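The values are calculated or read from the model by the stated rules, or taken from the named source; none is laboratory data. None of these values were measured; they are calculated from a predicted model. Every residue, glycine among them, receives a Cβ derived from its backbone with ideal geometry; neighbour counts consider all protein chains shown. Accessible surface areas use protein heavy atoms only, side chains included; no ligands, DNA or RNA. Shrake-Rupley method; radii C 1.70, N 1.55, O 1.52, S 1.80 Å.
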Amino acid sequence: MITFEQCRSFKGEITVPSDKSITHRAIIMSAMANGVSVVRNPLISRDTMATLDAFRLVGADIVKESDRFLISSGGWKTFKEPRDVIDCLNSGTTARLLAGVFAPQPFYTVMTGDNSLKRRPMDRVIKPLSKLGAEIRGRAGDTLLPVSVLPSSRMAPAGIMAETKSAQVKSAVLLAAAQIEGITEYSEKTPTRDHTERMLSGFGADVSSRDGVITVSGGREMTPAECFVPGDFSSAAFFIAAALAFEGSEIIIKNCGLNPSRTGFLTVLKGMGADIETEITRADPEPIGDIRVKYSECSGGRVSGDIVANMIDEVPSLAMLGLFSSNPVEIRDAAELRVKESDRIAAVAENFRALGAEVEEYPDGLKVWPFKGDACKGILKSFDDHRICMINILLGKKFGVKALLDNVDPLDVSFPDFISWVMALEQK
Ligand code: S3P
């Protein structure tokens, strides 16, 4: 068991790791383009290395330096059949997006992942890709990894309606559509993160987006580009939550991605009275800026509807703030959380209850009551989930030896230096 020493507050300036979603996409599109692309400031973590290794297997030449990747490729028309199974490790983004990239290819690909990923649904991408003519088979009735993406020469454009509120599903369809001659339209009622649409245009694909409909005119060669990866808002969220959970805190997060399709958490927190200011320093192709957060007790309240899709990875942080708000925090319309790296609703509920907190679980969310009493000695499990693990560490900093953590192994999925930053900013 691991324990942490209590701290009073967090103060100082932090640069969070680079954005995971954008790094995956930058590697993918660089490999799909014909020429040499440069990815500056990429996230180097277990998840993004899974994507990088996959494209090495299909023929992209990737030089990995400490602060950039140089990716040389003949483009998607020249990918070759991988000689081995593609291991997506813990990365849902790798598995779902690569299903889209490889679906139109004239070769056979097999993808698998770790035990957590093998429990996560793949039918959500197999179904829409099948509507475009893909042939993908998977375990458990074409629902789970491992999946086989069969050679396909018959894919055709179509109009697809989103059935799952998921940027991964949308991205899989758009990445397939970019390779299919003709016009594919993807319609989503609830907007999800739009990094793929933004980046595809930068790599020379013909993409436009209007009123929830994304149109791709596919089949053309993609052109190389240079992209800069901003800090990951979803990693920043843990420090935003920390500043609001520990009295006296004040932190500044520098050069962080502030794409509005990702920052629902800020909107919700400001609505709960949090003292947060943002300053955009660069707008294109992705908004980037600084975030200043000063401790202020959140009022709590109920969060539901479309905004939840724009803060899906931040829900565990918001749930944690329920413990330290003046009123309960209730989160609904978040059923997607049950199929993340872990069932995050169940994981959060179990861990908070282990400390003695009051939590009610719903099929699509949870309600967390302010925790005023003394914590009992409880075991906080990581459930193989990096985001649950970071919440546990913050609770460890709050409750000291009363919070026993089973492990911190999953951190290297998205935030390998998390503990070092916690130590650098903590005030004892
Ligand atoms: C991601 C989309 C989200 C998010 C995940 C990364 C992406 O998943 O939870 O961490 O990079 O597109 P869904 O698309 O399943 O909502």
Rounded to 0.05, the calculated FRET efficiency for the beta carbons of M423 and K294 at R₀ = 30 Å is 0.90
Two-site label geometry, S304 and E226: point separation in nm, points 7 Å out along Cα→Cβ:
5.0
Run through the range 331-391 and list the trypsin sites (Lys or Arg not before Pro) located in a DSSP loop whose Cβ has at most 14 other Cβ atoms within 10 Å.
K372, K377
How big is the charge dipole of the range 342-397 about its Cα centre, in debye rounded to the nearest 20, if each Lys and Arg gets +1 on its Cβ and each Asp and Glu gets -1 on its Cβ?
280
Distance between modelled label sites at E135 and I2, nm, 7 Å Cα→Cβ extension
4.6
Could you give the length gained on full extension between M161 and D364, defined as 0.36 nm per residue of separation minus the Cα-Cα distance, in nm?
70.9 nm
Rounded, prolate or oblate (a/c below 1.5 giving rounded, otherwise prolate when a/b exceeds b/c) for the range 10-123 by Cα gyration tensor:
oblate
Would you calculate the separation in nanometres between label points at E185 and S326, each defined as 7 Å from the Cα along the Cα-to-beta-carbon direction?
4.9
Looking at the chain as a GNM with Cα springs under 10 Å, which of R139, R292, R40 has the largest mean-square fluctuation?
R139
Say we join alpha carbon atoms closer than 10 Å with springs in a Gaussian network model of the chain; which of A158, A140, A245 then has the biggest fluctuation?
A140
In the range 303-394, what GluC sites (Glu not before Pro) fall in a loop by DSSP, with at most 15 other Cβ atoms inside 10 Å?
E358
Pull out a ≥ b ≥ c, the square roots of the eigenvalues of the alpha-carbon gyration tensor of the range 225-339, then state rounded if a/c is under 1.5, prolate if not and a/b is larger than b/c, and oblate in the remaining case.
oblate
Of all the stretches in the chain, which is the longest one without any exposed loop site, taking chymotrypsin sites (Phe, Trp or Tyr not before Pro) in a DSSP loop (any state but H, G, I, E, B) with at most 14 other Cβ atoms within 10 Å?
109-428
Nearest 20 debye, what's the magnitude of the dipole of the range 135-194 about its Cα centre given +1 on Lys and Arg Cβ and -1 on Asp and Glu Cβ?
200
Cβ charges +1 (Lys, Arg) and -1 (Asp, Glu), total dipole of the chain, debye
400
Extension gain (nm, one decimal) between T15 and K118, 0.36 nm per residue minus Cα-Cα
33.8 nm
Long-range Cα-Cα pairs in the range 57-208 (distance over 23 Å), rounded percent:
35
Of the DSSP beta bridges with both residues in the chain, give the percent that are antiparallel, rounding to the nearest 5.
75
Which order do the peptides 126-132, 19-25 take when ranked by the mean count of other beta-carbon atoms within 10 Å per residue, highest first?
19-25, 126-132
Quick one: with all protein chains in place, what share of the accessible area of the chain is carbon or sulfur, to the nearest percent (1.4 Å probe)?
48
